[in-house]
Structure formats: C-alpha cells, structure tokens
1. Go through the residues of the stretch 340-349 one by one and say whether even a single one is more than 13 Å from L254 (Cβ to Cβ), in a helix (DSSP H, G or I), of a type in the set (A, V, I, L, M) and more than 20 Å from the chain's Cα centre (by Cα).
2. For the stretch 26-43, name all the residues that are within 13 Å of Y5 (Cα to Cα), crowded, with 16+ Cβ neighbours inside 10 Å and of a type in the set (A, V, I, L, M, F, W, C).
3. Mind telling me which of the residues A234, A291, A262 ends up being under 21 Å from R346 (Cβ atoms), over 24 Å from the mean Cα position of the chain (by Cα) and of a type in the set (A, V, I, L, M, F, W, C)?
4. Using the structure shown, decide if E304 is buried (at least 21 other Cβ atoms within 10 Å of the Cβ), at negative phi and of a type in the set (D, E, K, R).
5. Scan the stretch 201-210 and tell me whether some residue there is in a helix (DSSP H, G or I) and in contact with a Pro (Cβ under 8 Å, 6 or more places away or on another chain).
6. What number of residues within the stretch 280-322 satisfy the criterion of being in contact (Cβ under 8 Å) with a residue 24 or more places away in the chain, part of a loop (DSSP other than H, G, I, E, B) and either touching a Leu at 6+ places or on another chain (Cβ under 9 Å) or closer than 11 Å to L257 by Cα (or both)?
7. Confirm whether K49 is more than 20 Å from R196 (Cβ to Cβ), outside any helix (DSSP H, G or I) and either over 19 Å from the mean Cα position of the chain (by Cα) or not assigned by TED's automatic domain parsing to the domain that holds Q164 (or both).
Amino acid sequence: MAKPYQEGEVWSFRLRVQGQDIYRTGFTKADDARREHDRLRQKILEAAKPKRKGPFQTTVGEALQAYALERFPFMKGSVQEACRVNRYLRSCGLSTIKVNKPTLKSEQRTEGAPEHVYWAVNLEPASQSRQVPHGLQAHRQSQADRTADTDRLRRQLARTRMAQVMPYHIQELVDTMGKDGYKPATIGLERALLRRLFSYARKSWLWMEPRSNPGKELKMPPIHNVRDRVLTKAQWRRIVAALERGRNCYVAPLLALLLETAMRISEPLLHAAWKNVDWERCLLRLQDAKAGAREVPLNPGAIEVLRLVKGLPREEGDLRIFPITYESVKAAWNRACESAGVEDIRIHDLRHTSATRFTLELNGNIPVLKILTGHKTYSQLTRYINVKAADVARLLHNRPLTEADAPAGMHLEPPRSVNASAPAQQWTPEDLPANVVPLFRRAK
C-alpha cells in the first residue's frame, strides 16, 4: 500500500486501484492523507467498476463530450445544449458536437425502443474551426473582449479532472458570468448543464467522485423573466384586420387557433396533421410536443377555425394542417402588430391570453385549465394565468367586461354550442365566435 509523502508543506498520496490512477494533495497532516487514501480505496473496491476512464482520469471537457454523444440524441433541446457544450470543447481543443436531424432508419426510433431519437449526434474535428464572416469579425471580437474572464474560467474548468471539481469552481464561473453581462437565465442554463453532467456521471457511469454534485447549492442571480402580457379583444380585432391584408392565408387561422386552444405555436405548426383531428370528440391528438404526446380539447371556435383551414388551397398530398414556416408567421405577426399599433406583444403572449381568458370563463377551474394548456405542473400553469387586480375588483363589484379590458377571444356573452359534425356550408358568419368572423369572411 502506498504511503503518504510530503511535498513542501503539504502531504500527498498516489493510489492505483481497478485501473484508476489517483493523485491527491493538500493535506496538512499525514494522518489526514492516509485516512482519505483508505477511504477512496475501500469505496472504489466496494463499488462496481465505473464506466469509461473514471473521474480521476477524465476532464470536464472530455466528460461533456461523452455525455453529449450519449444523451443528446434523446433530448429535444440538444441544438441549444450543443452550443453550450462546444464552448468548453473548443477551449481545450476537443472535437465539437454537431447535431443534425436523423436521416437513416437506423438513427430513428424503432418499434419498442425505450426513447425517441430526435437527433443524430456526431463529432466535428477541432481543426474544422468556424469561419466568421468578415462583417461579423469586429462584433465577435468585442464579444470576446467582454467575456474574456468567463472564457478563461471555462477553459480552466474544461481541463480540470471531474473528481477535482469543487462547488467554488462553478460558483466562481457563475459570479464571473454575471459580471461579464450574461443574463440570469443564461447563467442558470449553464449551471444546469454542469449539474446534469455530474448527476449523470454518478448515476449512469457509477463515478463516486466528487462526493457531492458541485453544481448544486450555489448562489444564483434571481431570474426576472415573468411575462404577463395579455392581449385585449380590441387589440386582437385590430391585429386580425391587419392580418387580413397579408398574403399568406394560413397565418391568421393559425393565430386564431392558438387563441382558442392555448397551444404553443410549435404544436400546431410542427406536430399537427389532419389525421390527428377527432372531429366527433372535438380533440386534436398531438403525437409529440414540448411536454410529450397529449390531446388538445377543441372548443367551438377552434372547430370552426379548422373547418376554415380545411377549405383553404393547399398542395396536393399535404397532410399538415398548416403548411407554413415559423419565420413566415413571425414576420406576418410583427407587421400586423406594427400596423395595428399594438406594442410589446409576442406570439407566445397568445398562450398567456388564452390561459387567462379560460380562467375567467371557467371560474378558475385549475384541473380543467391544466388539461387545456398541457402543462405538467400547476406551478408552470400559474405563470400563464395573468389575472390582474382590476379583474378581481370587477368581479367583486359585478361589473361587466368590455372589449378594452377583456382578454382576446373571451365571450362577453354565453357561447353557443357547436355541432362539430354539421356540414360546413350550413354555417354563416353570424354563427361563429366573434374573433374568427373576419377569418371566415376572408376565406369566402
């Protein structure tokens, strides 16, 4: 058994067990070094053999690369995560992560597979450095100058052995990112990546060191990103009037459907096909979404919007409900809001508006609202219910809502029932909910 030895004013030891070469130093007494030596040796012998080279032989950069190759194929947000990982990989000269849509059948999900494969993940040699366009070089250089301290700490962390990472290493990175001007949400995402890495190494690779996750129990800057913008009926009417002047006939119905269902824009745009519509039960079955597969209840307004879209011109054999891109929708939305004079409003605010509208219409029936919005937790749902003090005061005094203060899409009178199986030609604009009347007239 190797004995501790003195290096200057501190004591150190070297240990080789189950193919792992371990070096530890910084002990003030020989007994302290000996106890740590015995503890590590016993812990490694009792545990199963770790995967890969182990925490004493693997740097953070190497671990991030291995983690990305193993987990990113099954993560929806891998494109954004790869950007964060690649900052560490470039800093220590490792091959970077490249994420693409799977093209081969072998890369896609097979019957009975436990997880869905979203991406094909490969390594790109470090020699293939990114080419920065000439016009962006000055901007990139100014960014590099601003974040020089953060980049230095990332480089140090990427070259540190996993077993040697301490909470203060990551805390220093967090604090420096704040000083360099990173937003709290961005800092939180970086910390979350490192925390998941150490958790995955312990659970999946059976790495016993470090003893506790260094990404936990840190002091993080508060995140103030709560969004409570609710579109009123009057504003929505002006926006719809502006959308009617647009060239793309699918944009207005798509936005109206978001308002009638509280869906995320990616759900009808990327995951909804005509085969998913259950007209009899008034449901839209999404095979995949941000929170997984779910069924979206369709109210009378949503049913009529889908009827309208079904009659719009489309390419032969197109099975998507909305054969358009997010970029075209966003551009049309921005033009319409500018033309309507409605400021500080985003497409995602329609989800806030719809959730608030249904809260008022359904008298705050939270379990029903949770099914409508598709949220997994009640805490996430409440972020989208933006009832104001003025709304509560109106209820207390039994004052009616007006178009100037009612959420867009809200029925100021009791809604009429809709027979989903009725032929489309039997409907007239007077039978439709007020917020989709302009869309119906445009299609005619």
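The values are calculated or read from the model by the stated rules, or taken from the named source; none is laboratory data. Since we're looking at a predicted model, the values are computed, not measured. Here the Cβ positions follow ideal geometry from the backbone for every residue, glycine too, while neighbour counts run over all protein chains shown.
1. Among the residues of the stretch 340-349, at least one is more than 13 Å from L254 (Cβ to Cβ), in a helix (DSSP H, G or I), of a type in the set (A, V, I, L, M) and more than 20 Å from the chain's Cα centre (by Cα), which makes the answer yes.
2. Result: F27, A33.
3. Going through A234, A291, A262 in turn, the sole match is A234.
4. Details: buried (at least 21 other Cβ atoms within 10 Å of the Cβ): yes; at negative phi: yes; of a type in the set (D, E, K, R): yes.
Taking the combined requirement at face value, the residue satisfies it.
5. Looking through the stretch 201-210, at least one residue is in a helix (DSSP H, G or I) and in contact with a Pro (Cβ under 8 Å, 6 or more places away or on another chain).
6. Adding up the residues that qualify gives 7.
7. Criteria met by K49.
Rundown of residues vs (1) at positive phi; (2) basic (K, R); (3) outside any helix (DSSP H, G or I), yes/no style:
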{"site": "R152", "(1), (2), (3)": "no, yes, no"}
{"site": "Q156", "(1), (2), (3)": "no, no, no"}
{"site": "A163", "(1), (2), (3)": "no, no, no"}
{"site": "G181", "(1), (2), (3)": "yes, no, yes"}
{"site": "G188", "(1), (2), (3)": "no, no, no"}
